[in-house]
Amino acid sequence: MVLLTFSALLSLLLTGGIFGFFYAWVCSTMWGLDATDPRVAIQAMQAMNASVRNAVFAPAFFGTPFALALTAGLAFATGQRAAALPFAAAAVIYLVGGMVLTMMVNVPMNEALATVNIPDDIDAARVIWSEYSSTWQLWNQARTVVSGVALLLCGWGLLRLMPATG
């Protein structure tokens, strides 16, 4: 039961972390970049995309679906089937709508932006940034909603565990 509790809390931490990461892009980062000189926005986004591949980000991004799946498996194996289902659903939802979506859409967009030479002409930069930002934000909002749903499911799973552990 200790392993299940630890796994459930780790799932909550990782799912909350990745939801918060995506959410911060929605409610501050991209709006701030949109409000600045597009040449600065392109340069800043290139730098942020290059820096996000790190050991601090990796556990939340890559580890979340595995922690959720482990928790689902442990819950199922210990007879906590009512808790296993929301953890399993959260694992699948985040895996597809968070991680795979990011790898299929946002990462290729980021890689394409990384190759852009920032034009001196502000209007040319504005076209590049406008096309990138609007599409990127749409997909970021989708993965934010999905990871928020996964977080809610994780919370539901924890609540379903409470009578057995409390």
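Side notes on the structure shown:
- Yes/no for G32 being in contact with a helix residue (DSSP H, G or I) (Cβ under 9 Å, 6 or more places away or on another chain), of a type outside the set (K, R) and over 24 Å from A114 (Cα atoms): no
- Scanning the stretch 140-159 for residues that are assigned to a loop (DSSP other than H, G, I, E, B), surrounded by 13 or more Cβ atoms within 10 Å (Cβ to Cβ) and either free of Cβ contacts under 8 Å to residues at least 24 places away in the same chain or among the polar types (S, T, N, Q) (or both) turns up nothing.
- Condition check for V52: more than 23 Å from V116 (Cα to Cα) and modelled with pLDDT under 95: no
- Residue in the stretch 112-133 that is in contact with a Phe, Trp or Tyr (Cβ under 7 Å, 6 or more places away or on another chain), at pLDDT 95 or above and crowded, with 16+ Cβ neighbours inside 10 Å present: yes
- Considering residues of the stretch 80-106 that are under 13 Å from the mean Cα position of the chain (by Cα) and small (G, A, S) only, the residue surrounded by the most Cβ atoms within 10 Å (Cβ to Cβ): A90
- The residue of the stretch 1-34 that is surrounded by the fewest Cβ atoms within 10 Å (Cβ to Cβ), among those that are small (G, A, S) and within 14 Å of T144 (Cα to Cα), is S28.
- The stretch 64-107, residues that are under 20 Å from V52 (Cα atoms) and in contact with a Ser or Thr (Cβ under 6 Å, 6 or more places away or on another chain): T64, Y94, G98
- Residues of the stretch 35-79 that turn out to be surrounded by 18 or more Cβ atoms within 10 Å (Cβ to Cβ), within 13 Å of A8 (Cα to Cα) and among the hydrophobic types (A, V, I, L, M, F, W, C), as a count: 7
The values are calculated or read from the model by the stated rules, or taken from the named source; none is laboratory data. If you're wondering where the values come from, they're calculated on a predicted model, not measured in any experiment. Because the Cβ atoms are built from the backbone with ideal geometry, glycine has one as well, and the counts that use them run over all protein chains shown.
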